[in-house]
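Data block below; observations after.
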Amino acid sequence: MSNIDAPSRTRREADSEPSQTSVDQASLLIRQAIITGQYGPGERIKLSDLTERFGLSAMPMREALRKLEGEGLVQIEANRGATVRRVDRKFLEDLYEVRAQLEILAVGRCIERMTVDKLETIDALRLAHERAAQAGDMRQIVDANRTLHMHLFDIAGNLEARRLFQLGWELIHALRMRFGYRPNRLDVIVREHKMLMEAFTRLDRGAAEAVVRMHTYAGLEDILQALDLDRRADGSASRVS
């Protein structure tokens with residue numbers, strides 16, 4: 001029996017599909033516009049407005065909105081289009097609660113699958129984050145932190161857990177790039193990573209899960225404090241003006 005390949009796409013079909021780069025760019029632009037308040041909660045986002053504002057075609061913008069729906073930033077309804085969800089305390093608390101449970105699952109599976117080589121790789125990624133924190137480069141800090149955490153999911157081997165955990169990263173990345181970290185938070189993160197590494201070395205599942213829980217909720221509290229301060233500042237500025 002001969003192998004039958006799937007029909008190849010025509011050149012026109014291939015050209016008409018948005019590239020991943022253009023979709024990522026559109027997602028970044030819309031996400032930043034939502035987080036900075038250019039689109040308010042409950043506001044409808046029109047494709048025509050997006051294409052005019054950002055200079056990209058409708059197709060990557062449409063795909064970007066679907067991506068942001070997966071992140072929970074927008075809701076898409078038939079005959080209405082996309083509307084902005086409120087990124088408030090409740091939204092972030094729910095997001096971080098889910099992330100905590102996913103990462104607790106991941107570190108437990110890491111303990112079960114741990115080897116010396118895996119320990120050395122995790123420690124190298126931890127040290128890369130520590131160096132970024134010492135250098136004070138926010139983009140490198142966020143990227144190194146993301147690489148470390150996603151590697152734990154790679155070791156854990158649960159692809160669905162990894163996918164769900166990944167969904168919230170772009171939003172958290174955008175929030176961090178806007179607000180940064182509260183004073184001393186980076187030093188604490190470095191210590192939390194060391195504590196997690198020590199738990200992995202001892203193959204102590206309970207300790208690893210406790211560190212992840214503490215780490216996640218400390219991160220939530222840090223973002224909530226920054227968000228509250230930003231909104232109070234906006235309120236003060238509005239009253240002054």
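The values are calculated or read from the model by the stated rules, or taken from the named source; none is laboratory data. Note that the coordinates shown come from a computational prediction; the quantities given were computed from them, not determined experimentally. As a convention, Cβ positions derive from the backbone with ideal geometry for all residues, glycine included, and neighbour counts pool all protein chains shown.
When residue 182 is tested against (1) within 20 Å of residue 125 (Cα to Cα); (2) in a loop (DSSP other than H, G, I, E, B), just one condition goes unmet, and that condition is (1).
Among the residues of the stretch 78-136, how many are of a type in the set (Val, Ile, Thr) and in a loop (DSSP other than H, G, I, E, B)?
Just the residues of the stretch 78-136 that are of a type in the set (Val, Ile, Thr), to begin with: 83-84, 87, 98, 104, 107, 111, 115-116, 121-122.
Add one more test, that the residue is in a loop (DSSP other than H, G, I, E, B), and what stays is 87, 115.
So the count comes out to 2.
Among the criteria (1) within 14 Å of residue 129 (Cα to Cα); (2) surrounded by fewer than 20 Cβ atoms within 10 Å (Cβ to Cβ); (3) touching a residue at least 40 places away in the same chain (Cβ under 8 Å), the one residue 185 does not fulfil is (3). Would you say residue 103 is of a type in the set (Asp, Glu), at pLDDT below 90, under 30 Å from residue 212 (Cα atoms) and surrounded by 17 or more Cβ atoms within 10 Å (Cβ to Cβ)? No. Take residue 113 and tell me if it is exposed (fewer than 13 other Cβ atoms within 10 Å of the Cβ), out of contact with any Asp or Glu (no Cβ under 9 Å at 6 or more places or on another chain) and more than 25 Å from residue 222 (Cβ to Cβ). Against the criterion (exposed (fewer than 13 other Cβ atoms within 10 Å of the Cβ), out of contact with any Asp or Glu (no Cβ under 9 Å at 6 or more places or on another chain) and more than 25 Å from residue 222 (Cβ to Cβ)), residue 113 qualifies. The residues of the stretch 190-224 that are among the aliphatic types (A, V, I, L, M) and within 14 Å of residue 123 (Cα to Cα), listed by number, are 190, 195, 196, 197, 199. For the stretch 204-222, which residues satisfy the criterion of being assigned to a helix (DSSP H, G or I) and not hydrophobic (A, V, I, L, M, F, W, C)? 205, 206, 209, 213, 215, 216, 217, 219, 221, 222, listed by residue number. Here residue 153 meets the list (1) of a type in the set (Phe, Trp, Tyr); (2) over 29 Å from residue 36 (Cβ atoms); (3) touching a residue at least 60 places away in the same chain (Cβ under 8 Å) almost entirely, failing just condition (3). Residues in the stretch 54-77 include at least one that is assigned by TED's automatic domain parsing to the domain that holds residue 28, among the aromatic types (Phe, Trp, Tyr) and part of a helix (DSSP H, G or I).
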